[in-house]
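The values are calculated or read from the model by the stated rules, or taken from the named source; none is laboratory data. None of these values were measured; they are calculated from a predicted model. Here the Cβ positions follow ideal geometry from the backbone for every residue, glycine too, while neighbour counts run over all protein chains shown. Each accessible area value is taken on the protein alone, full model and side chains, heavy atoms only, with ligands, DNA and RNA left out. Shrake-Rupley method; radii C 1.70, N 1.55, O 1.52, S 1.80 Å.
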Amino acid sequence: MSFRRSAKRALILDEDDEEDVVYSFNVLLPNSTNVLLTLTNPEPEMPMESFVDLVKEEYEKARKKCLLMTKRRRVNWNLGATFLLESDGEKMKGMVRFAAFKPNSCHIIRLDDGSGTSSTMYENLWDLTPDTDLLKEQPENYTFETALADLIDNSLQAVWSCSPGERRRISVDVSGDQISVFDTGRGMDSSEENAIVKWGKIGGSLHRSEKTLAIGGKPPYLKPFFGMFGYGGPYACMYLGRRTLVSAKTKESKKVFTLQYEKEALIDNRSISGKHWKTGGGMRDPTEEEIELSPHGSFTKVEIFESEFDMSKIYQLQCKLKDIYFPYIQCDELSETGRTERPVEFEVCGADLAEIAGGEVAITNLNSKGEEFSFQIRFSLTSEKRKGKPQEANARLKFVYFPVVQGKESIDEILKGLEEEGCKVSENFQTFGRVSIRRLGRLLPEIRWDSIPFMQRGARASTLQKSCRRVKCFIDLDAGFSPTPSKTDLASQNPFSVALRNFGSKSADKEKDTDVKVVIHREGKQLNNTLVEQKYQDWVMKMHDTHDEEATSAEDEAILVLESLDKKALCISRDAVRVHKVVKRKGMLWKRGQNIKILRGAYAGVHNNNIYATIDYFLIEGFEDEAGGDTRILCRPIDCPEKERCQLSSTDGSWRLELQKSLSLPITIIDSGKCLHADAEEWTRKLEKQQEKAPSKIDLLDERDCRELNIDGELPVGGSVRVGKVPPQQIVAVIRPACFTSVTPSKKLDQKHIVNIEDKEMVMVVKLADPNTKPSAKVAKSVCSQRSFPTSRKGIGGLYIFPFGSKFPNLFKKAGTYNFTFSVGDSIRCNKTVVVRPSSKEAMWKLDDSLEPQPCNIQVGSCLRPFGITRFDEYDNQIKFTSVPSLEVELKANPGFQLKIDDFEANLKDGGLILMIKKMLVETDGLDQISPNYDATLEIRAQDKLLGVSIACKLNPGPLKRVVVNNPQAFKNLLPGSTVENMILEMFDGFNNHVAEGTTVLINTDGYCFEDCMGANRKVDGRGYIDLSGILKVTTGYGKHVSFSVLSDGKEIFKKESQIEKRELRLVTELPESCSAGSNLTHLIFKVTDSDGSMDTSIHHDEKSRCFHTLSVESDSRSVESGIIYAFVHGSCRVPPLTLPETEGVFSFKVFHSRYTELNVNVEILITPAPTIERDDIGCSTPYSRITSTPQSGVASSATNPGVTPTPSLGLERTSCSQFGVLAIRSPSLDGSCPSGVMDIVQYTQSLKQELSTYNARREEIDEHLKCLVAEQEQTEQELIALQASLDSISAALPECLSTRETMLKNIEKNHPGTAASVFCSLTEKVPPPKSFVLSQKGLFGIVALLGSVPSTSLSRVLSVYLGKVKMLALVCISSAYGPSAAEYLRLQAEAARLGLSITKPLKILCLDAIIPWSSGLVENDPQRRLAMVNPCLPNGDPIPGFKGYAVNMIELASGELEIQTSLGHGLRETLFYGLFGDLQVYETGKDIEAALPYINGVDAVSLDGVISKRKGYTFSGSWIPKVHFPVTVTEKHEKALVKLEVTRKSKRKREEMIVEVQGTLMKVKKRLKKATKKYERFSAMADSQDM
């Protein structure tokens, strides 16, 4: 019975449904059986009786299915009340509480029936059924050692996971019939993630998934994640014994879980129930010994019974296990101090393996000498062919040298030591395994490669090759490499294994998996194959020179040779050699003059036949007490003449050795048995045979001989043939012996007259001498060459057959003298000649390529460069002109352009080989038809033949000579402040062609200014126009003369003068003859009239339309307040009453237009004395307090009544009789409205009220004007935002730094007065080059800030901050002689003074000639001439993240700036900018700089977000915007938007100034209004009190 729901679940559940809680139990019963019980969603607690009933139901079901269970004793289920459960040492009685168990996991619990009997082993407890596929992957070639190593692998991986401070121990005990492997690893229990069943289940490895963790890291890759297939433990147990007991405990569990493994039961399926492999197991308490061996409480012990092992070989077993796990036993690479560490305690049969002195590794280490050579390799797959498998692998190759010591090879000593220890290997010096491989620190014992291709260096029998045989390579691999199932070798088909095995092979790319990429690193640096091979060879030779001790026994006194040694020919490396005549080698004497036989294959160059030679000398390198010297045999080959043998001579006591034709062979050819004594008979026979076959000369077989051999081989030598003749299919050459003189033709093919030398190669070289080349320069050009070895035809050997006609069918299509040279070595040569005559049929004309090539780029009005034409036949052979042909020369472009050139010269050159055409004058006015590219084709052809040549050329307009204004009326009726509309300048050359697009034209102006920011230098557009419509603005006043002129090449070629319309300011009001002092002058009306006297109604003040026309009054008198302006209304202006001074005399004041001061008029009036003060009726003469009216201010309307109003000077008095209450205001002048001269206070109050109304109206008017200005300013700001958004790609980060060169020039001129840079900018605008010599390329030509541009505002900001203002404003010149005391600088000061400028601040000049230029080359084919700098990279070769480039290469130079060069030809980038920036690197962000610092070796760096890293520390510019910065490079697309942006910015600044001005005026009006209000309130109160 089971508390489970139906297995058929709904596919779609309600959201409120909860997942089932399932508890699984493996219940161990008292009769040593077990059953599985599954409960789904039980109550939190269940009575023990109910739980036992459920177990009983499952037991009865299992008992019916399994026959073995029926044979066990029955369980007494009636003792339900006494049953208890035990789980991991915890007992549960009466009630089963499910909270103690983890849901969805299987728990092993033991059911105790209270009978007092219990068991520790249970049948069929563990299910070991393997995956079907894994049964196919069984290891082969198992041995006792490899099987035991599989068990130790599991233990090693287990102890490696121990926490720091926990004991890492592996103990192996081997007896005659039992094996035990104990480790202190993490152990196993019954939990799902750490189940002991996985150890015994094939394919159920606990560690296999950790393999990927062992890929990468640091050599020697000690990460023992060996698990590959999951069957190492089970198969090893089955191989080593018949029964296995596995006991394991974790730190968390209190019980020891056991698993039984019986070989026969599994193989014979005796315990299989159904299709499952099951085996027994149980749980028990740990023993005291186990607790003592593993203090931290976890362990695994594998005990194997009924094993077989020869105990006499226990020492050899210990040695082999030490070899396999050597780095885990003792390692020098884990400690930074180099101290030997013991990662794991290894014991085998009670012996600590670290104390075992034997083993191949230990013996090998004792015999190595000198330093090691190592490097690392990273292998990676470039494709996804091995999806799911490692895509990367790493290896460390460590090379150790085993020298020859006192004539004995160290490798022989190693083999001898192994044999003495009983570990003999079936190898000798030649077959010794020179490659040892460890994967994750574990030895792969079956890999004993002789070498890898990388280790094979040097020619055969050379010193390098011999020394390389003394090197052993120890390779450490990570888990990226896959081993065989037995873990004794590498998987042969793995691409990484193939790449490693072929590493260093020259043909590896063709043979191995090309999907494997190999990257080599040594000492943190990436190396290429060539460099690491060279370093390896240098290391080998260093070890040889330092440690090798050859034991060559010389039998005579040595002759020491120190001078004039040909080291390359002698194959030596030392500067001193000892020469002997007799040596003893291998127990035999070898003497000078002995004849020897060198067997084929003895050394490089001896392949097919034996070599016979005579010994000359024996040579030993170095002095007698030096190590590493090689011994060589110097011998003369049998075919070498006596006079060409090795020579040893003495001059003045100094010995000299010359090898000549003798051979220098290594002494090892004697050691290898490849050099033997030649007896006299054999030597004589060889000598006779040699002389008999000695070659004498080379002969070519004629047509008859070739036909007899069925060969088409006749070469027409000695005569001449016509071009186009088909060459023979083959050429046959033979070597004739010395005895051959002349025989009949029938004897030429006799074998005895043909020398057959099998290994002698014949070379045929064919050269052609061009008949048209000058005799003094005639050099034969190599046409072809072939090599051939002798072959045979029809039984005749020694035939050198060269395939000719089939390989070079077109050879005789080139006219000239063909020289055939046949040679064998340096002594036998043969020369034959064939003359090929050209054809007389003319086929084509070509341009002569012997002249210096130049681009055909011509300006109209000049002559085309000379052209040479050559004449060729149908085979492309040059033939001579017999006379000068009649020619037609014509320039053509599109169908509408055709220009015939009649004026030219033609003559023959070089004896008729070349037809020269020169002085072709080009004049035309039709270039507008082919603009703007001006591409044309020059055709030169014969009149009577269809022969000619065509040359692509560019026909450019001439320089600017004439300017035409398309609309002369545009300069009429010009007014101040107006712009010239609809005005276009057409630019023509001297032939009435529009000049080329982009031509720079300088426009000087007088009385005009340019509204845009482009300045005086203008470029011609594609139509040949310069459009100045709406750009020229009048800056002078009325009646002034204005002009502008066009300059080309410093000369004025056009000038247009105009006059601004005349205007006059007139006083309309008739002035009185005189006025009283202190009175008011009223009703002043002024008007502006034109030259006809008519009023100009366009003079109208309207601030909304920005038409500012106001009138100002200026006087020395304090009574007339200056600074007040009055508005013009349609040509006239009314001025409010003016208060006259209180002193008599002539009073004058000036009235003028506020902007155009030339419109002015002076007014004079006579001031008479004021009348005396009258007394009142009572006779009380009381002085009155003075009351002065407030003058009008701002733009005010004029008074309405003409005349003089006596209001400014009033008196105020009261009578002494208070009862009358009389208040009178007396005026010193008479008023028509007040005849008595006394104004009533009420009347005066009313005048003040009228004045208040005027001020309020003025305030409202100014308020409205200010609102309009603010609204316009907001609109301008919106326009700026839109324009900046269109330029976001270059100014998104810092729009404040978005400036053009012209804007920055004006900024420097305005904001940095007194500096040389400011003066330079002023001269640039006012005296443009070349008129000003200091601005030409001969003197000063720029400022750092204005030379070049950058692609973004972020880069502009950070580079400008990096340099600083002083460097940015430095002047730049070419000559280093330019300085403050130089004549040129004094002339600069003088020219600046002439313009009213001066240099008052410190001067900094950068001279290009004084800067050390960049000297490591430029980027090829780069129009910007950037420096060829190597980008920084990470140690693995990858680029550094965030790197943008070098600052010096990120400066964009204009075409004119690229042409600036020093006297040595260095440009601005190589000198100025490299001197300023050097190796400065640019990164995206400051974080990128911080990450890159370890790899850039202290080089300065900046980032686009403002971080500056220098050797002294960091700087962060933050939000600081430098006032001087580099201009930003703009495309043609952005140029118009940028110009509009500058105009809008200027408009914004002007409007800001206007707002400030209007706000000031408003403040003044408010202040006066407040004062007038107080005055009105005071007098109003007085008037009210008078009424009372």
For labels at C784 and K1019 in the simple 7 Å Cα→Cβ model, what's the distance in nm? 5.6 nm
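Leaving out ligands and nucleic acids, and using a 1.4 Å probe, what accessible area per residue does the stretch 545-593 come to in Å²?
Values: 2830 Å² over 49 residues.
Accessible area per residue, the stretch 545-593: 58 Å².
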Relative contact order (%) - the stretch 692-732, alpha-carbon pairs under 8 angstrom, separation at least six: 39 percent
Pull up all non-local amide H partners of C1107: gap of 5 or more, or a different chain, and H-to-H distance under 5 Å with H placed in the peptide plane. D1102
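Assuming 0.36 nm per residue, please report the length gained on full extension of the stretch E939 to R74 beyond their Cα-Cα distance.
Working: separation 865, 0.36 × 865 = 311.40 nm, distance 11.90 nm.
Contour length minus the Cα-Cα distance gives 299.5 nm.
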Using a Förster distance of 56 Å, how high is the FRET efficiency between V765 and E145, based on the Cβ-Cβ distance and rounded to 0.05? 0.30
How high is the relative contact order of the stretch 1469-1511, in percent, counting Cα pairs under 8 Å that sit 6 or more residues apart? 38 percent
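Sorted by packing (mean other beta-carbon atoms within 10 Å per residue), highest first, where do 927-940, 1360-1373 land? Intermediate values should be presented prior to the final figure.
Details: 927-940: 17.9, 1360-1373: 19.9.
Top to bottom by mean Cβ count within 10 Å: 1360-1373, 927-940.
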Go from 0 up to the bin containing the longest alpha carbon distance in the stretch 532-608, width 5 Å each, and give me the % of pairs per bin. 3, 11, 12, 18, 25, 19, 9, 3, 1
Amide H of V995: which non-local residues (sequence gap of 5 or more, or other chain) have their own amide H closer than 5 Å, using H built in the peptide plane? M987, F988, D989
Please give the contour-minus-distance gain from Q929 to S505: 0.36 nm per residue of separation, less the Cα-Cα distance, rounded to one decimal in nm. 146.1 nm
Determine the share of the stretch 538-590's accessible area contributed by carbon and sulfur atoms, expressed in whole percent, with a 1.4 angstrom probe. 49 percent
Please give the FRET efficiency for E333 paired with S672, using the beta carbon to beta carbon distance and R0 = 30 Å, rounded to the nearest 0.05. 0.20
For the pair L560 and K1566, the simple spin-label estimate (label points 7 Å beyond Cα toward Cβ) gives in nm 11.0 nm
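What is the packing order of peptides 710-721, 957-968, 494-505, taking the mean over residues of other C-beta atoms within 10 Å and listing the highest first? Mind showing how you got there, number by number?
Values: 710-721: 15.5, 957-968: 17.3, 494-505: 20.8.
Packing order, densest peptide first, comes out as 494-505, 957-968, 710-721.
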Between P445, C423, G458, whose Cα lies farthest towards the positive end of the dipole of the stretch 393-519 when Lys and Arg beta carbons carry +1 and Asp and Glu beta carbons carry -1, centred on the Cα centre? G458
Contact order normalised by residue count of the stretch 1081-1162, Cα under 8 Å, 6+ apart, percent: 33 percent
What order, most packed first, do the peptides 1340-1351, 1548-1559 have when packing is the mean number of other Cβ atoms within 10 Å of each residue? 1340-1351, 1548-1559
Cα pairs beyond 23 Å in the stretch 666-764, in percent, come to 48 percent
Amide H neighbours of M188 under 5 Å, at least 5 residues apart or on other chains, H built in the peptide plane: list them. K249, T250, F299
Applied in sequence order to the stretch 942-952, the curve 6.51 cos²θ - 1.76 cosθ + 1.60 (Karplus, θ = phi - 60°) yields integer Hz couplings, x standing for Gly and Pro, of 7, 6, 9, 9, 8, 10, x, 10, 10, 10, 6
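With the cut-off at 16 Å, report for the stretch 1086-1171 the share of all Cα pairs above it, as a whole percent.
Percent of Cα pairs beyond 16 Å in the stretch 1086-1171: 57.
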Cα-based reach from K1040 at 26 Å (exclusive), listing lysines while leaving out same-chain residues under 8 positions away: K972, K1051, K1055, K1056, K1062, K1087, K1150, K1326, K1550
Over the stretch 963-1013, average the accessible area per residue using a 1.4 Å probe and give it in Å², no decimals. 41 Å²
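Tell me the per residue accessible area of the stretch 1027-1139 using a 1.4 Å probe; a whole number in Å² is fine. Don't jump to the answer; show the numbers that get you there.
Working: 5430 Å² over 113 residues.
Accessible surface, normalised per residue, equals 48 Å².
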Can you work out the Karplus-derived ³J(HN,Hα) for every residue in the stretch 439-451? Use 6.51 cos²θ - 1.76 cosθ + 1.60 with θ = phi - 60°, whole Hz, and x for glycine or proline. 10, 6, x, 9, 5, 9, x, 7, 8, 9, 5, 5, 5
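Compute the FRET efficiency between D652 and A576 as 1/(1 + (r/R0)^6), taking r as their Cβ-Cβ distance and R0 = 22 Å, and round to the nearest 0.05.
Working: r = 18 Å, r/R0 = 0.82.
Once the sixth-power term is evaluated, E becomes 0.75.
Run the numbers for N1162 and M311: contour at 0.36 nm per residue of separation, minus the present Cα-Cα distance, in nm. Each step should come with its number before you reach the end.
Values: separation 851, 0.36 × 851 = 306.36 nm, distance 13.77 nm.
Computed gain between N1162 and M311 is 292.6 nm.
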Short version: ³J(HN,Hα) in whole Hz for each residue of the stretch 1010-1023, in order, from phi by Karplus 6.51 cos²θ - 1.76 cosθ + 1.60 (θ = phi - 60°), x for Gly and Pro, what are they? 8, 6, 8, 9, 7, x, 7, 7, 10, 10, 6, 7, x, 8
